[in-house]
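Peer 1: Before I ask anything, here is the structure I am working with.
The values are calculated or read from the model by the stated rules, or taken from the named source; none is laboratory data. None of these values were measured; they are calculated from a predicted model. Every residue, glycine among them, receives a Cβ derived from its backbone with ideal geometry; neighbour counts consider all protein chains shown. For the accessible areas, the whole protein counts, side chains as well, though only heavy atoms, and no ligand, DNA or RNA atoms are used. Shrake-Rupley method; radii C 1.70, N 1.55, O 1.52, S 1.80 Å.
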Amino acid sequence: MDLKGKTAIITGGSRGIGYAVAEALADRGMKLAICSRTESELRDAEKRLAGRTDVLAQAVDVSDERQVEAFVAAVRERLGPPYILVNNAGIFISLSLIEGTAPKEFDETLAVNLRGTFLMTRAVLAEMKKQRDGYIFNISSTSGKEGEEESSAYCASKFAMIGFTESLIEEARSHNVRACSICPDYVATPMTTDEPIPAEEMLQPEDLAKTVLWLLDLSPVSVVKEVVLWRLGEAD
């Protein structure tokens with residue numbers, strides 16, 4: 001895929017995995033649209049990326065249909081049609097047993113992680129199909145491959161993202177639009193700062209950025225449904 005001058009949308013793009021992917025795509029000549037829910041982090045990321053490429057940074061709740069539609073419309077108007085979408089925005093609220101999980105926490109986790117992925121994909125897919133060019137990356141997790149105790153909401157959302165991606169692949173492939181689930185183990189990001197694993201023993205955000213670039217550099221007829229990244233020394 002020729003990336004220079006084309007537009008990428010990255011949710012959760014102000015830090016961690018999203019920001020690392022944004023940097024990598026900027027280095028390949030892409031224009032960037034990043035969003036998150038934290039205005040201060042967005043402005044900082046925008047400032048750092050602006051020296052590399054054209055950037056649109058906007059606060060967006062990806063679970064809100066109107067906000068998603070308004071954001072994608074702004075992207076089209078300022079940067080042009082999106083060719084890449086990285087659904088990276090995600091939350092993990094707390095460790096809790098199923099009987100101790102508040103329905104509100106369960107609903108919020110699925111709203112951001114799963115509904116957000118659906119809404120963003122829905123907002124760009126018809127246009128990608130029409131231009132017969134596009135790639136959608138859904139950042140799932142190894143928690144979407146194996147269930148974990150005290151993480152039922154998060155696991156449910158990440159398992160569902162993989163199923164959604166497989167349906168997306170089947171719907172989009174005849175239009176030359178590709179999609180892939182990327183499923184990392186622990187990544188050294190703000191979400192994992194409380195984990196009892198040293199950051200240097202976790203995957204790095206740059207590992208995910210390199211994975212996205214590797215997928216983009218494959219033959220345009222290749223379809224990779226899923227990439228799973230485990231840590232070296234992982235007990236399982």
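Peer 1: The stretch 62-171: which trypsin sites (Lys or Arg not before Pro) are DSSP loop and have at most 14 other beta-carbon atoms within 10 angstrom?
Peer 2: Passing sites in the stretch 62-171 are 132.
Peer 1: Given the Cα atoms of the stretch 20-93, and with Rh set as the inverse mean 1/r over their pairs in the Kirkwood sense, what is Rg to Rh to two decimals? Mind showing how you got there, number by number?
Peer 2: Values: Rg = 12.0 Å, Rh = 12.8 Å.
We get a ratio of 0.94 for the stretch 20-93.
Peer 1: Given the peptides 133-144, 221-232, arrange them by the average over their residues of other C-beta atoms within 10 Å, most packed first.
Peer 2: Packing order, densest peptide first, comes out as 133-144, 221-232.
Peer 1: Also, quick follow-up: Given Cα pairs under 8 Å that are at least 6 residues apart, what percent is the relative contact order of the stretch 62-208?
Peer 2: Once normalised by length, the contact order is 24 percent.
Peer 1: While we're here: Considering only protein heavy atoms and a 1.4 Å probe, what is the carbon-and-sulfur percentage of the accessible area of the chain?
Peer 2: C and S atoms contribute 51 percent here.
Peer 1: Note down the nm distance, to one decimal, between modelled labels 7 Å out along Cα→Cβ at residue 54 and at residue 122.
Peer 2: Calculated label separation equals 2.8 nm.
Peer 1: Determine the order of 105, 99, 148 by accessible area, beginning with the largest, at a probe radius of 1.4 Å.
Peer 2: Ranked from most to least accessible, the order is 99, 148, 105.
Peer 1: Between the stretch 182-212 and the stretch 1-57, what is the separation of their alpha carbon centroids in Å?
Peer 2: 19
Peer 1: Sticking with this one: Placing +1 at every Lys and Arg Cβ and -1 at every Asp and Glu Cβ, with all other atoms neutral, what dipole size does the stretch 1-146 have around its Cα centre, in debye to the nearest 20?
Peer 2: Taking the Cα centre of the stretch 1-146 as origin, the dipole is about 620 debye.
Peer 1: Related question: For the stretch 24-30, in order, what is each residue's ³J(HN,Hα) by Karplus, 6.51 cos²θ - 1.76 cosθ + 1.60 with θ = phi - 60°, in whole Hz (x at glycine and Pro)?
Peer 2: 3J(HN,Hα) across the stretch 24-30, in whole Hz: 5, 6, 4, 5, 9, x, 7.
Peer 1: If you don't mind, there's one more thing I want to ask. Pairs 6/129; 145/225; 4/225; 4/31: which exceed 18 Å Cα-Cα?
Peer 2: Correct reply: 4/225.
Peer 1: Run through all the Cα pairs of the stretch 72-113 and give the fraction in each 10 Å bin from 0, expressed as whole percent.
Peer 2: Binned Cα distances yield the sequence 23, 32, 21, 17, 7.
Peer 1: OK, next. Extension gain residue 221-residue 104, at 0.36 nm per residue separation less the Cα-Cα distance, in nm?
Peer 2: Gain on stretching residue 221 to residue 104: 37.9 nm.
Peer 1: Same structure, new question: Hey, could you get me the Stokes-Einstein D for the stretch 126-184, Kirkwood radius over alpha-carbon pairs, 10 °C and 1.306 mPa s, rounded to whole µm² s⁻¹?
Peer 2: 132
Peer 1: Another question, if that's okay. So what are the three principal axis dimensions of the stretch 98-162 from its Cα atoms, in whole Å, longest to shortest?
Peer 2: Answer, in whole Å and largest first: 47, 23, 10 Å.
Peer 1: Quick check for you: with a 1.4 Å probe and neighbouring chains kept, what is the accessible area per residue of the chain, in Å²?
Peer 2: Solvent-accessible surface per residue comes out at 47 Å².
Peer 1: To continue, here is another question. Can you give me the three principal axis dimensions of the stretch 79-236 from its C-alpha atoms, in Å, biggest first?
Peer 2: Principal extents (largest minus smallest coordinate, Cα): 46, 35, 29 Å.
Peer 1: Compute the whole-percent fraction of alpha carbon pairs in the stretch 161-236 spaced more than 20 Å apart. Could you put the intermediate results ahead of the total?
Peer 2: Details: 1216 of 2850 pairs.
Cα-Cα pairs in the stretch 161-236 separated by more than 20 Å: 43 percent.
Peer 1: Ok, one more. Taking 1 over the mean of 1/r across every pair of different Cα atoms in the stretch 1-144, what Kirkwood radius in Å do you get?
Peer 2: Over the stretch 1-144, the inverse of the mean reciprocal pair distance is 15.5 Å.
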